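The values are calculated or read from the model by the stated rules, or taken from the named source; none is laboratory data. Since this is a predicted model, take the numbers as computed values, not measurements. No Cβ is skipped: glycine too gets one built from the backbone with ideal geometry, and neighbour counts run over all protein chains shown.
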(Lines give C-alpha, C1' and ligand atoms only; values in the text may rest on other atoms or scores of the structure.)
Protein backbone atom coordinates (compact mmCIF):
# COMPACT_ATOMS: atom_id res chain seq x y z
CA UNK A 1 0.00 0.00 0.00
CA UNK A 2 1.19 3.50 -0.75
CA UNK A 3 1.77 5.98 1.92
CA UNK A 4 -0.16 9.20 1.10
CA UNK A 5 2.38 11.29 3.02
CA UNK A 6 5.36 10.01 1.08
CA UNK A 7 6.98 12.35 -1.38
CA UNK A 8 7.37 11.30 -4.87
CA UNK A 9 10.92 11.58 -6.05
CA UNK A 10 11.69 12.87 -9.53
CA UNK A 11 14.82 11.47 -11.11
CA UNK A 12 17.57 14.07 -11.50
CA UNK A 13 18.14 13.45 -15.20
CA UNK A 14 14.58 14.34 -16.17
CA UNK A 15 13.82 17.96 -17.24
CA UNK A 16 10.94 19.83 -15.75
CA UNK A 17 10.42 21.94 -18.97
CA UNK A 18 10.16 25.75 -19.27
CA UNK A 19 12.80 28.48 -19.52
CA UNK A 20 15.29 29.83 -17.10
CA UNK A 21 15.46 33.55 -16.30
CA UNK A 22 18.81 33.82 -18.13
CA UNK A 23 17.34 32.34 -21.31
CA UNK A 24 14.41 34.77 -21.20
CA UNK A 25 16.78 37.74 -20.66
CA UNK A 26 19.01 36.73 -23.60
CA UNK A 27 15.98 36.30 -25.88
CA UNK A 28 14.62 39.72 -24.89
CA UNK A 29 18.03 41.30 -25.53
CA UNK A 30 18.27 39.76 -29.02
CA UNK A 31 14.72 40.84 -29.89
CA UNK A 32 15.44 44.39 -28.64
CA UNK A 33 18.65 44.72 -30.68
CA UNK A 34 16.98 43.45 -33.86
CA UNK A 35 13.96 45.74 -33.35
CA UNK A 36 16.09 48.84 -32.71
CA UNK A 37 18.20 48.09 -35.78
CA UNK A 38 15.07 47.76 -37.90
CA UNK A 39 13.59 51.00 -36.57
CA UNK A 40 16.87 52.87 -37.13
CA UNK A 41 17.05 51.61 -40.71
CA UNK A 42 13.43 52.58 -41.35
CA UNK A 43 13.96 56.06 -39.87
CA UNK A 44 17.06 56.65 -41.97
CA UNK A 45 15.37 55.39 -45.13
CA UNK A 46 12.31 57.55 -44.47
CA UNK A 47 14.41 60.68 -43.91
CA UNK A 48 16.27 59.97 -47.15
CA UNK A 49 12.95 59.64 -48.96
CA UNK A 50 11.67 62.93 -47.51
CA UNK A 51 14.89 64.76 -48.44
CA UNK A 52 14.72 63.38 -51.99
CA UNK A 53 11.10 64.53 -52.22
CA UNK A 54 12.10 68.08 -51.17
CA UNK A 55 14.98 68.02 -53.68
CA UNK A 56 12.57 67.09 -56.48
CA UNK A 57 10.12 69.82 -55.46
CA UNK A 58 12.86 72.44 -55.26
CA UNK A 59 14.26 71.41 -58.65
CA UNK A 60 10.78 71.75 -60.15
CA UNK A 61 10.36 75.22 -58.61
CA UNK A 62 13.84 76.35 -59.71
CA UNK A 63 13.28 75.16 -63.28
CA UNK A 64 9.93 76.92 -63.40
CA UNK A 65 11.51 80.15 -62.16
CA UNK A 66 14.37 79.89 -64.67
CA UNK A 67 11.84 79.44 -67.47
CA UNK A 68 10.08 82.62 -66.31
CA UNK A 69 13.37 84.56 -66.40
CA UNK A 70 14.09 83.14 -69.86
CA UNK A 71 10.60 84.16 -70.99
CA UNK A 72 11.47 87.78 -70.20
CA UNK A 73 14.81 87.50 -71.97
CA UNK A 74 17.94 89.53 -71.58
CA UNK A 75 16.13 92.82 -71.05
CA UNK A 76 14.09 91.41 -68.16
CA UNK A 77 16.91 92.32 -65.79
CA UNK A 78 17.44 95.90 -66.88
CA UNK A 79 16.70 98.64 -64.38
CA UNK A 80 17.81 96.93 -61.16
CA UNK A 81 20.14 99.00 -59.00
CA UNK A 82 23.44 97.81 -57.57
CA UNK A 83 21.78 97.17 -54.19
CA UNK A 84 19.22 94.97 -55.96
CA UNK A 85 21.81 92.84 -57.73
CA UNK A 86 24.53 90.49 -56.49
CA UNK A 87 25.49 89.97 -53.73
CA UNK A 88 21.88 90.69 -52.75
CA UNK A 89 18.86 88.83 -54.00
CA UNK A 90 16.62 90.63 -56.45
CA UNK A 91 13.70 92.22 -54.60
CA UNK A 92 11.12 91.01 -57.09
CA UNK A 93 11.06 88.96 -60.21
CA UNK A 94 10.66 89.32 -63.90
CA UNK A 95 10.54 92.71 -65.58
CA UNK A 96 11.68 95.71 -63.62
CA UNK A 97 8.62 97.75 -64.62
CA UNK A 98 6.03 95.06 -63.76
CA UNK A 99 7.05 93.07 -60.69
CA UNK A 100 5.46 89.75 -59.85
CA UNK A 101 2.86 90.33 -57.11
CA UNK A 102 3.88 87.06 -55.40
CA UNK A 103 7.35 88.40 -54.58
CA UNK A 104 7.91 89.54 -50.98
CA UNK A 105 9.91 92.68 -51.78
CA UNK A 106 11.00 93.41 -48.20
CA UNK A 107 12.56 89.96 -47.71
CA UNK A 108 13.63 89.49 -51.32
CA UNK A 109 11.90 86.17 -51.90
CA UNK A 110 8.88 84.52 -53.41
CA UNK A 111 6.99 82.28 -50.98
CA UNK A 112 5.49 79.17 -52.55
CA UNK A 113 3.53 76.45 -50.73
CA UNK A 114 3.75 73.11 -52.51
CA UNK A 115 2.09 69.99 -51.08
CA UNK A 116 1.74 71.69 -47.71
CA UNK A 117 5.41 72.72 -47.39
CA UNK A 118 6.77 76.25 -47.67
CA UNK A 119 9.58 77.04 -50.08
CA UNK A 120 11.27 80.41 -50.65
CA UNK A 121 12.47 81.20 -54.15
CA UNK A 122 15.18 83.80 -54.58
CA UNK A 123 16.97 85.10 -57.66
CA UNK A 124 20.36 86.76 -57.93
CA UNK A 125 21.94 88.57 -60.88
CA UNK A 126 25.70 87.95 -60.99
CA UNK A 127 27.60 90.50 -63.06
CA UNK A 128 31.09 91.72 -63.92
CA UNK A 129 30.18 95.00 -65.59
CA UNK A 130 27.46 97.61 -65.75
CA UNK A 131 26.22 100.51 -67.79
CA UNK A 132 24.03 102.59 -65.50
CA UNK A 133 21.47 100.23 -64.00
CA UNK A 134 22.18 97.56 -66.59
CA UNK A 135 24.31 94.90 -64.86
CA UNK A 136 25.69 92.12 -67.04
CA UNK A 137 28.63 89.77 -67.57
CA UNK A 138 31.14 90.88 -70.16
CA UNK A 139 33.71 88.50 -71.65
CA UNK A 140 36.07 88.79 -74.57
CA UNK A 141 36.20 85.57 -76.57
CA UNK A 142 39.19 86.04 -78.84
CA UNK A 143 38.29 89.57 -79.86
CA UNK A 144 34.53 88.90 -79.90
CA UNK A 145 32.74 90.78 -77.10
CA UNK A 146 30.09 88.66 -75.35
CA UNK A 147 27.38 90.11 -73.10
CA UNK A 148 25.07 87.89 -71.06
CA UNK A 149 23.02 87.68 -67.88
CA UNK A 150 24.00 85.16 -65.25
CA UNK A 151 20.97 84.48 -63.04
CA UNK A 152 21.11 82.18 -60.02
CA UNK A 153 17.80 80.85 -58.72
CA UNK A 154 17.85 79.46 -55.18
CA UNK A 155 15.04 77.49 -53.54
CA UNK A 156 15.13 77.25 -49.74
CA UNK A 157 13.10 75.07 -47.35
CA UNK A 158 13.07 73.61 -43.85
CA UNK A 159 13.08 76.83 -41.86
CA UNK A 160 14.09 77.16 -38.21
CA UNK A 161 13.62 80.70 -36.93
CA UNK A 162 13.54 82.04 -40.48
CA UNK A 163 16.83 80.38 -41.45
CA UNK A 164 16.61 77.68 -44.14
CA UNK A 165 18.10 74.28 -43.30
CA UNK A 166 18.34 73.24 -46.95
CA UNK A 167 18.56 74.91 -50.32
CA UNK A 168 19.16 74.16 -53.97
CA UNK A 169 20.65 76.53 -56.54
CA UNK A 170 20.32 76.47 -60.29
CA UNK A 171 21.95 78.90 -62.67
CA UNK A 172 21.11 80.09 -66.15
CA UNK A 173 22.66 82.44 -68.67
CA UNK A 174 20.90 84.59 -71.20
CA UNK A 175 22.80 86.09 -74.13
CA UNK A 176 22.18 89.58 -75.39
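I need the full set of residues from the stretch 62-96 which are more than 19 Å from residue 174 (Cα to Cα) and at pLDDT below 70, in order please.
Within the stretch 62-96, 91 is the sole residue that qualifies.
Among the residues of the stretch 61-75, what is the count of those that are more than 19 Å from residue 113 (Cα to Cα) and touching a strand residue (DSSP E or B) at 6+ places or on another chain (Cβ under 8 Å)?
Looking only at that region, the number is 4.
Return the residues of the stretch 130-151 that are within 30 Å of residue 52 (Cβ to Cβ) and touching a residue at least 40 places away in the same chain (Cβ under 8 Å); say none if nothing qualifies. Spell out the reasoning first.
Initially, the stretch 130-151 is screened for residues within 30 Å of residue 52 (Cβ to Cβ), giving 150-151.
151, the sole residue that qualifies.
Go over the candidates 40, 83, 45, 101 one by one and state the one that is surrounded by fewer than 17 Cβ atoms within 10 Å (Cβ to Cβ) and not in a helix (DSSP H, G or I).
101
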